[in-house]
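Student: Just dropping this structure here.
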There are 4 protein chains.
Amino acid sequence: MGNSPAFTATPQSPLRVAVAGASGYAGGEILRLLLGHPAYADGSLVIGALTAGGNAGATLREFHSHLLPLADRVLAPTDLDSLTGHDVVFLGLPHGHSAVIAEQLPDTTVVIDCGADFRLTSGDDWKRWYGTDHAGTWPYGMPELPGARDKLVGATRIAVPGCYPTSASLALAPAVAAGIVEPSVQIVAVSGASGAGKSPRVDLLGSEVMGSVRAYGVGGAHRHTPEIKQNLSALAGTDVSVSFTPVLAPMPRGILATCTAPTTATADEARAVYEKAYADEAFVHVLPEGVLPATGSVIGSNAVQLAVTVDPDAGLLVVIAALDNLTKGTAGAAVQSMNLALGLPEGAGLSTVGVAP
Amino acid sequence: MGNSPAFTATPQSPLRVAVAGASGYAGGEILRLLLGHPAYADGSLVIGALTAGGNAGATLREFHSHLLPLADRVLAPTDLDSLTGHDVVFLGLPHGHSAVIAEQLPDTTVVIDCGADFRLTSGDDWKRWYGTDHAGTWPYGMPELPGARDKLVGATRIAVPGCYPTSASLALAPAVAAGIVEPSVQIVAVSGASGAGKSPRVDLLGSEVMGSVRAYGVGGAHRHTPEIKQNLSALAGTDVSVSFTPVLAPMPRGILATCTAPTTATADEARAVYEKAYADEAFVHVLPEGVLPATGSVIGSNAVQLAVTVDPDAGLLVVIAALDNLTKGTAGAAVQSMNLALGLPEGAGLSTVGVAP
Amino acid sequence: MGNSPAFTATPQSPLRVAVAGASGYAGGEILRLLLGHPAYADGSLVIGALTAGGNAGATLREFHSHLLPLADRVLAPTDLDSLTGHDVVFLGLPHGHSAVIAEQLPDTTVVIDCGADFRLTSGDDWKRWYGTDHAGTWPYGMPELPGARDKLVGATRIAVPGCYPTSASLALAPAVAAGIVEPSVQIVAVSGASGAGKSPRVDLLGSEVMGSVRAYGVGGAHRHTPEIKQNLSALAGTDVSVSFTPVLAPMPRGILATCTAPTTATADEARAVYEKAYADEAFVHVLPEGVLPATGSVIGSNAVQLAVTVDPDAGLLVVIAALDNLTKGTAGAAVQSMNLALGLPEGAGLSTVGVAP
Amino acid sequence: MGNSPAFTATPQSPLRVAVAGASGYAGGEILRLLLGHPAYADGSLVIGALTAGGNAGATLREFHSHLLPLADRVLAPTDLDSLTGHDVVFLGLPHGHSAVIAEQLPDTTVVIDCGADFRLTSGDDWKRWYGTDHAGTWPYGMPELPGARDKLVGATRIAVPGCYPTSASLALAPAVAAGIVEPSVQIVAVSGASGAGKSPRVDLLGSEVMGSVRAYGVGGAHRHTPEIKQNLSALAGTDVSVSFTPVLAPMPRGILATCTAPTTATADEARAVYEKAYADEAFVHVLPEGVLPATGSVIGSNAVQLAVTVDPDAGLLVVIAALDNLTKGTAGAAVQSMNLALGLPEGAGLSTVGVAP
């Protein structure tokens, strides 16, 4: 494709990066990754404004005491004044808040939205699930999907995928694209609590979450369903039926998605399809036969570990995907997208090595 | 039915109850329930021999420091000498070890096996999944299944169901029996670590389990699959296809099973089927519309909480079941079965109230 | 002492019990214990009004889905209208809210306050730590303290101790009362998250709590310090210096308190003092030499497990206490106090058996 | 001191680094840090032999599935054949196993021992606590202790400190060295389960660890006590009395140490002492007044966060230290020591940024 990145980042003329919504989990994880980015280390990327809504005026330490180098930074309000003058602006805002900010920023600013606002292609879908008018559709920050990477190179507006759709799409895309499954998939995805964000809700209190798992959004009620359907249907060239059940588990991070679809392929045939599809992908790993992934292996990393098998008695492809919802599921995809947009090495600042145990 | 319990329990002539495998999780939970049983409180049930394999000779405190009233009991070896002279013998032994003990005990002794040995009706299934000769089939300790309760009254040999099959069978039985679903079900069940037992395995260490979820036994590889299939096929009157994926979550107890099957019923129709099926059951609760269960609500209790709904877009019945794998999933079912066998009130010593948070 | 309970509880004329603050953790745990109380089982105690502040109008299920038998109860407002006509009223209200309610209730109503309002004897201490006028001092619901039990028999106003003071006081009282330690104690107590209550605070979110421990109230800043000091100084007959550090651990329930004081006694001498002091106490257990307690052993129980030893090199008595902050630390003590006040068996509805693992 | 590093690391002539005990937690964490080390990234450091005891012959994936780039490496036996030919050898072996290996390796090989063998200066202490003959004393890998850093530059034998002694020593060293406290300290340190290593012990199973805290090694019984005493006594110039209680918490990583010592200093005076002592240290952070550390803020990082205050009523300095037992407490200190030994930047491959939540 014809875009080419207009940015040159050097210590003399560094990229200026702002993070809006810096007090939340997505914002914090973006900052963690930027602090480990080689461009930050050599001075060619500087961390500019950190902004927040109700938390503006406080220091970052109050929300992210793990980000020691930035602990004394004071949060600015999320407005044009704060965000102007940056080359890259990450948005980690509540759903529906990104469009207002984005339209005020110059077209040349790279705006990377971690919210849902610009993910869906169908305005009707948006209206059905979010109830407001659709703001538009931006290039989709999942470079491992067929055709997606090219649209991110040089892009100045990017919609970061949802965490559940990332797990389900990467787990099912090769099979759907290769036509080895029927267009009817089921996904049960177990997620850590950070996926629900940082709102002070009683049902997310540690006492409620620890020692318990629970489902939510059952029966097609979760807003990530249309995004999964959109991704898979585009690859299938037909409408894919999607059953998606999210489950909350007592851990801070991680998603383990169990994904099935009817197939007549053998396990070896299926695995071959996946190994080919992801042969050149740095962050998606098809595990050897018999090895199953654990979310604990990918914490803090941008890696997705996939187990691909077939249940011959049930006639189902079964793919298990593990990823970190905050990294590959949000902030890692955001930084990976930034790298592509700016012409930096795609994996810069991202790791395939998790923090375990 | 013709059986009638031959036992009369009084403080003057109390029931003597032994627990073989008392150092394990199933054994410990049986003892916890017995200590709270009204027959224990009034002296008409006494806790006799507590036995173990390699742990014989140690005190119970070393394995179950929460069972204070029995903490100084010394574990006897699991053999006929220790177990003889009891009215009831609970077996909490590794799979394949129950038959040898059971055949040495008199026919009049009530033997309640928490292992898998006597659950399956098909010798071929047993051979395929366990690799040894089939020991036989005993009355199945899940009284809420159609037809099962009568066979437990007065029984002297009882096979306690597996924990996963309990969740899946109770979640799907009404729909399958009523014929409102096609005979093709999928189950993803998230379990606490105690379901894997108390063996000193590296992959079950706290450091490995905490902060991580992982699948295991994917693609039809878990031994509980044929038990689920057996239960549902008997109700359907035809072979039911079963896809079962167990997932390990970072919590000690609890199972949350997400169960689906193709349906054309509406959510209201489906819920009505379940409400009718369980209207008289003390331990199975169909939650009101819109309420979803959490395992944290049933810890230590014999309750099963079910959410019943339909995903109309996917054409699927979705039932979520929450239970405590050690209580309703094992020891609670064992005590409930003992009560039925002995003619005690079915719910004696069992609660519908969980310990939360 | 001269009081004698004026209550006779029978199914014909049952005790009516109300719980104010029923949506909180203390209220929920009181209800859990009442549901298992033999007087509830035989109908001589009925659960009357359940009240709440901002949560009035909702069903109990929304806050305590584990309390199945009461799940459909609607919460009434916490006011005189709701609470009048009960024989016993438990108060599980924020600190400072109990006095207003209590003074409206008849003197003959047994009012049991789980808040701090009536624990301290010194009005100056109250003023220093809570900043408001002192409401008064009620009999103190820790019957295991020397002299405390008699004052609870027939009492109609009872202040339930704080959870940390319960652990520290029971851990140190025998040594202080026997004079085998110098009046200078240090306590580091690790608590589960439910001790901080059910307010929707960001720092109590599951994502923040899991995988992390943190101290709070360091350097003499926690409000439980004066209550510990009050208890120990009364026993010592002199002012006891108290250093208290609370630590939050990633678990819902439980307190493990490490308590030290200078001593010249040997470990055997110290243990003998404790064994004598608690010989007749049903709920306080001095563990055998070499055995150390775990909070996991006492969850849901009213038991306190104590390890008593001496570090001869450091010249310190070291006592480790484990209890459940919601049970013996709050609701269990409340029910134990109710039993004493009403002339019921002190341990009715309470267990020494924990739910583990 | 006169040593100067003899190594020059270039991609043409890279450093070869081996890890003995690679299947354990210390070995895994060293490898995680090496994979993120800039010298690994630029090819001037290569990861050579990975060895194990009983696990030799297996792939690294079976033990550390988070270390994707090394997942297919086969573990060699821990012997001279495997370890010869490396410039740096990390030892992550059970206590008592390091000396035999170390004495076979050339003096020019940098040997960094994560075990206890070479930490103690007193042969009598070693004999008392470990029961065998003392192997010797190596330079101590805690560069932040006064006088320690110089001894590490160019060293070819380094003893990495214990995780608890790291927390207690860094928390108390400035006060002891400055003479603002009496030589009598108390430490209660709460640790994650990985500190106990990766042995398949029943008491470390997830089911036992989750939802529970417990003390162990109470009353001066933990082997880390003499190491703490050695560090502090050297700074005090007199024998320091040390009371140390380790507590196990339900989390994989992290230590929170609550440390006290009698003082007459004010909080401001104390904090000034600490701020001066650690002004030039990259990895030890004295938090602002009123801020308390959480272990969750330092996971995966080499940072130590310290809160310094005084309890005036009790007359005690109270210092709370948070660190990651596997990073700064073991592998981070090992890599930091390697950097010093080799003349690399001390902080290379180490971060002050934790992975949270």
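The values are calculated or read from the model by the stated rules, or taken from the named source; none is laboratory data. Source: prediction; values computed, not measured. Virtual Cβ from ideal backbone geometry, glycine too; neighbours counted across all protein chains shown. Just so you know, the surface numbers come from the protein's heavy atoms only, side chains and all, with ligands and any DNA or RNA stripped out. Shrake-Rupley method; radii C 1.70, N 1.55, O 1.52, S 1.80 Å.
Student: Test D:GLY349 against the criterion of being in a helix (DSSP H, G or I) and either open to solvent by 20 Å² or more (accessible area, probe 1.4 Å) or outside the structural domain of D:HIS37 (by the TED database) (or both), and give yes or no.
Tutor: Against the criterion (in a helix (DSSP H, G or I) and either open to solvent by 20 Å² or more (accessible area, probe 1.4 Å) or outside the structural domain of D:HIS37 (by the TED database) (or both)), D:GLY349 does not qualify.
Student: Residue pairs, Cβ under 7 Å, 6 or more apart or interchain, first in segment B:40-63 and open to solvent by 20 Å² or more (accessible area, probe 1.4 Å), second outside any strand (DSSP E or B) and charged (D, E, K, R). List them.
Tutor: Once the first residue is open to solvent by 20 Å² or more (accessible area, probe 1.4 Å) and sits in segment B:40-63, its partners that are outside any strand (DSSP E or B) and charged (D, E, K, R) give B:THR59/B:ASP72; B:THR59/B:ARG73; B:ARG61/B:ASP72.
Student: I would also like to ask the following. Which members of segment C:301-330 meet the condition of being open to solvent by 10 Å² or more (accessible area, probe 1.4 Å) and either basic (Lys, Arg) or more than 11 Å from every other protein chain (Cβ to nearest Cβ) (or both)?
Tutor: C:THR330
Student: How many residues does segment B:205-226 hold that are of a type in the set (Lys, Arg), over 23 Å from D:GLY24 (Cα atoms) and within 7 Å of chain A (Cβ to nearest Cβ)?
Tutor: Result for segment B:205-226: 0.
Student: Check segment D:331-340 and report whether any residue there is open to solvent by 10 Å² or more (accessible area, probe 1.4 Å), closer than 27 Å to A:GLY28 by Cβ and in contact (Cβ under 8 Å) with a residue 40 or more places away in the chain.
Tutor: So far as segment D:331-340 goes, no, none of its residues is open to solvent by 10 Å² or more (accessible area, probe 1.4 Å), closer than 27 Å to A:GLY28 by Cβ and in contact (Cβ under 8 Å) with a residue 40 or more places away in the chain.
Student: Within the bounds of segment D:185-200, is there any residue that is assigned to a strand (DSSP E or B), among the hydrophobic types (A, V, I, L, M, F, W, C) and either farther than 30 Å from D:GLY147 by Cβ or open to solvent by 10 Å² or more (accessible area, probe 1.4 Å) (or both)?
Tutor: Yes.
Student: Within segment C:183-192, is even one residue away from chain D (no Cβ under 14 Å), of a type in the set (Ser, Thr, Tyr) and touching a Phe, Trp or Tyr at 6+ places or on another chain (Cβ under 8 Å)?
Tutor: No, the conditions are met nowhere in segment C:183-192.
Student: Consider only pairs whose beta carbons are under 7 Å apart and that are at least six residues apart or on different chains; among these, list those whose first residue lies in segment B:70-82 and is outside the structural domain of B:ARG32 (by the TED database) and whose second residue is outside any helix (DSSP H, G or I) and open to solvent by less than 40 Å² (accessible area, probe 1.4 Å).
Tutor: Hits for this filter: zero, empty list.
Student: May I pose another question? Go through D:ALA294, D:ALA277 for me and flag whichever is open to solvent by 10 Å² or more (accessible area, probe 1.4 Å) and under 29 Å from B:GLY211 (Cβ atoms).
Tutor: Only one candidate passes the filter, namely D:ALA294.
Student: Sticking with this structure for a sec: Just to be sure I understand, how many residues within segment D:238-266 are small (Gly, Ala, Ser), more than 30 Å from A:MET210 (Cα to Cα) and at the interface with another protein chain (Cβ under 7 Å from one of its Cβ atoms)?
Tutor: Adding up the residues that qualify gives 2.
Student: Let me ask you something else. So, A:VAL284, is that one more than 8 Å from chain B (Cβ to nearest Cβ), modelled with pLDDT of 95 or more and open to solvent by 30 Å² or more (accessible area, probe 1.4 Å) or not?
Tutor: So A:VAL284 fails the test.
Student: When you look at C:ALA333, is it under 23 Å from B:PHE63 (Cβ atoms) and either of a type in the set (A, V, I, L, M) or in contact with a helix residue (DSSP H, G or I) (Cβ under 8 Å, 6 or more places away or on another chain) (or both), yes or no?
Tutor: No; evaluated as a whole, the condition is false for this residue.
Student: Here is a follow-up. Report, by residue number, each residue of segment D:102-144 that is open to solvent by less than 20 Å² (accessible area, probe 1.4 Å), in a loop (DSSP other than H, G, I, E, B) and touching a Leu at 6+ places or on another chain (Cβ under 9 Å).
Tutor: Of everything in segment D:102-144, those that are open to solvent by less than 20 Å² (accessible area, probe 1.4 Å), in a loop (DSSP other than H, G, I, E, B) and touching a Leu at 6+ places or on another chain (Cβ under 9 Å) turn out to be D:LEU105, D:THR109, D:CYS114, D:GLY115, D:ASP117, D:GLY141, D:MET142, D:PRO143, D:GLU144.
Student: If a residue must be within 14 Å of chain A (Cβ to nearest Cβ), in a loop (DSSP other than H, G, I, E, B) and surrounded by fewer than 17 Cβ atoms within 10 Å (Cβ to Cβ), how many such residues does segment D:64-88 contain?
Tutor: The qualifying residues number 1.
Condition check ((1) under 22 Å from D:GLY332 (Cα atoms); (2) more than 22 Å from the chain's Cα centre (by Cα)) across all residues:
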{"site": "D:ASN55", "(1), (2)": "no, yes"}
{"site": "D:PHE63", "(1), (2)": "yes, no"}
{"site": "D:ARG73", "(1), (2)": "no, yes"}
{"site": "D:SER82", "(1), (2)": "no, yes"}
{"site": "D:ASP87", "(1), (2)": "yes, no"}
{"site": "D:HIS95", "(1), (2)": "yes, no"}
{"site": "D:LEU105", "(1), (2)": "no, yes"}
{"site": "D:THR109", "(1), (2)": "yes, no"}
{"site": "D:ASP125", "(1), (2)": "no, no"}
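Student: Now for a separate question. Look at segment C:40-63 and say how many of its residues are within 14 Å of another protein chain (Cβ to nearest Cβ), closer than 27 Å to C:THR352 by Cα and of a type in the set (Gly, Ala, Ser).
Tutor: Residues in segment C:40-63 being within 14 Å of another protein chain (Cβ to nearest Cβ), closer than 27 Å to C:THR352 by Cα and of a type in the set (Gly, Ala, Ser): 1 in total.
Student: What's the number of the condition A:VAL202 fails, among (1) of a type in the set (Val, Ile, Thr); (2) within 14 Å of chain B (Cβ to nearest Cβ); (3) touching a strand residue (DSSP E or B) at 6+ places or on another chain (Cβ under 6 Å)?
Tutor: The number of the failed condition is (3).
Student: Right, another one. Can you tell me which residues in segment D:331-346 are more than 13 Å from chain A (Cβ to nearest Cβ), outside any helix (DSSP H, G or I) and not aliphatic (A, V, I, L, M)?
Tutor: D:GLY343, D:GLU346, listed by residue number.
Student: Would you mind stating whether C:LEU235 is touching a residue at least 12 places away in the same chain (Cβ under 8 Å), within 21 Å of C:THR309 (Cβ to Cβ) and away from chain D (no Cβ under 11 Å)?
Tutor: yes
Student: Pull out all pairs, ordered by first then second residue, where Cβ-Cβ is under 9 Å, the residues are six or more apart or on different chains, the first lies in segment A:168-191 and is in the same structural domain as A:MET142 (by the TED database), and the second is crowded, with 24+ Cβ neighbours inside 10 Å and of a type in the set (Ser, Thr, Tyr).
Tutor: Listed by first residue and then by second, the contacts come to nothing, as the list is empty.
Student: OK, next. Tell me, please, whether a residue that is in contact with a helix residue (DSSP H, G or I) (Cβ under 9 Å, 6 or more places away or on another chain) and open to solvent by 10 Å² or more (accessible area, probe 1.4 Å) can be found in segment C:164-173.
Tutor: Within segment C:164-173, not a single residue is in contact with a helix residue (DSSP H, G or I) (Cβ under 9 Å, 6 or more places away or on another chain) and open to solvent by 10 Å² or more (accessible area, probe 1.4 Å).
Student: C:TYR130 is checked against (1) within 29 Å of A:GLU208 (Cα to Cα); (2) of a type in the set (Phe, Trp, Tyr); (3) modelled with pLDDT of 95 or more and fails just one. What number does that condition carry?
Tutor: The failed condition is (3).
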